[in-house]
Each structure stands twice: as C-alpha cells, then as structure tokens.
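Worksheet for the structure shown next.
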Amino acid sequence: MDCIFCKIVSGEIPSKKAYEDEFCYAFYDVNPKAPIHFLVVPREHIASCDAVTAQNSAAVAHIFEVIPQIVRQIGVTDGYRVISNCGRAAGQTVFHLHFHVLAGTELPW
Ligand code: 5GP
Ligand code: ZN
C-alpha cells in the first residue's frame with residue numbers, strides 16, 4: 001500500500017517526532033496551520049474516521065488518552081484544538097486516519 005503516513009510510522013519517510021508508543025505515532029505537520037501543529041496517527045492503517053469500527057476503535061481511544069499527555073509535555077497551557085478531516089470534501093488529503101492538534105495561538109472558529 002502506498003500510504004505516506006504508514007511510511008512515516010515505519011521511518012521510511014523522516015518526520016519530527018512529538019511522541020510514540022506501541023499503538024500510535026505523533027509528529028509535527030510539515031505545513032503548520034498554528035504555532036504548534038502536530039498529527040497523531042494509529043500505527044495500524046485505518047483510512048479515516050469513516051473506517052473506525054468496533055474492531056479498531058481501541059486505537060482511537062488510545063490516541064485520545066495520549067493527546068493530553070503530549071500537549072502537557074510540550075507545555076501547552078491555554079487550550080488546543082483536535083481535528084480530523086474525514087473524506088475529500090472535508091479536506092482530507094492523506095487517507096490514513098490522523099488527528100490534527102493545533103495550539104499556541106487564539107484559534108478562530
Ligand atoms: P489532511 O489534509 O488529510 O487533514 O491532513 C494532512 C496533513 O498532513 C496536512 O496538514 C499536511 O501538511 C500533512 N503532511 C502531508 N505530508 C506530510 C509529510 O510528508 N510530513 C509531515 N510531517 N506532514 C505531512
Ligand atoms: Zn497508512
């Protein structure tokens with residue numbers, strides 16, 4: 001499968017790591033939309049939110065457990081936003097499930 005985020009998870013494509021464990025990998029977005037902008041992805045290939053099922057949702061729950069740990073470790077104290085674009089019309093460009101975490105400024109809605 002030709003998936004850029006699977007290649008980032010495996011280390012085939014270099015990235016700036018923010019966090020990693022057995023189930024997920026977090027790295028800074030190459031084109032940041034805020035002063036702090038990283039992505040958290042499951043190591044397992046899941047195409048998008050739309051492909052989350054009872055069989056793979058533990059990886060998603062785990063990501064939501066580690067996001068607060070990562071933001072605390074980075075030193076974010078004044079809020080952050082978690083976004084997942086699901087599908088082309090919603091702006092998804094990489095079809096490996098990922099959660100954007102944005103912080104470090106006032107974020108307009
Ligand atoms: P999406 O548009 O699918 O919601 O988000 C994909 C994100 O991945 C974009 O914000 C884009 O900047 C980021 N991205 C795409 N390719 C790479 C890459 O090779 N390295 C990193 N660090 N980020 C990437
Ligand atoms: Zn993938």
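The values are calculated or read from the model by the stated rules, or taken from the named source; none is laboratory data. The structure displayed is predicted, hence computed values, not measured ones. In this analysis, Cβ positions are derived from the backbone assuming ideal geometry, glycine residues included, and neighbour counts consider all displayed protein chains. Side chains are part of the model used for accessible areas, which takes the heavy atoms of the whole protein and leaves out ligands, DNA and RNA. Shrake-Rupley method; radii C 1.70, N 1.55, O 1.52, S 1.80 Å.
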Relative packing of peptides 10-16, 66-72 - highest average C-beta neighbours within 10 Å first: 66-72, 10-16
Computed [θ] at 222 nm, deg cm²/dmol, the chain (DSSP H ≥ 4; -39,500 (n - 2.57); rounded to nearest 500): -7000 deg cm²/dmol
Candidate aspartates and glutamates - alpha carbon under 20 Å from LYS33, same-chain residues fewer than 8 apart omitted: ASP78, GLU106
Relative contact order (%) - criterion: Cα under 8 Å, at least six apart; region: region 1-67: 24 percent
Alpha carbon centroid spacing (whole Å) that separates region 1-17 from region 60-92: 19 Å
Simple spin-label estimate for ASN85 and ARG43 in nanometres, 7 Å along Cα-Cβ: 2.8 nm
Contour excess over end-to-end distance, with Cα ends at GLU65 and VAL94 and 0.36 nm allotted per residue: 8.2 nm
Three principal axis lengths of the chain [C-alpha, angstrom, descending]: 37, 31, 28
Unpaired by the 4.7 Å Cβ criterion, cysteines found in the chain: CYS24
Surface accessible to a 1.4 Å probe, per residue, for the residues of the chain, Å²: 60 Å²
Sequence ranges 81-90, 24-33, ranked by mean other-Cβ count within 10 angstrom, highest first: 24-33, 81-90
Using alpha-carbon coordinates, inclination of helix 57-74 to the longest axis of the chain, degrees: 30 degrees
Amide H partners (placed H, <5 Å) of CYS24, local residues excluded: ARG43
Nearest-0.05 FRET efficiency for VAL30 and GLU106, computed from C-beta distance (R0 30 Å): 0.80
Accessible area of the chain belonging to carbon and sulfur atoms, whole % at 1.4 Å probe: 54 percent
Electrostatic dipole magnitude of the chain [Cβ: Lys, Arg +1; Asp, Glu -1; Cα centre; debye, to 20]: 220 debye
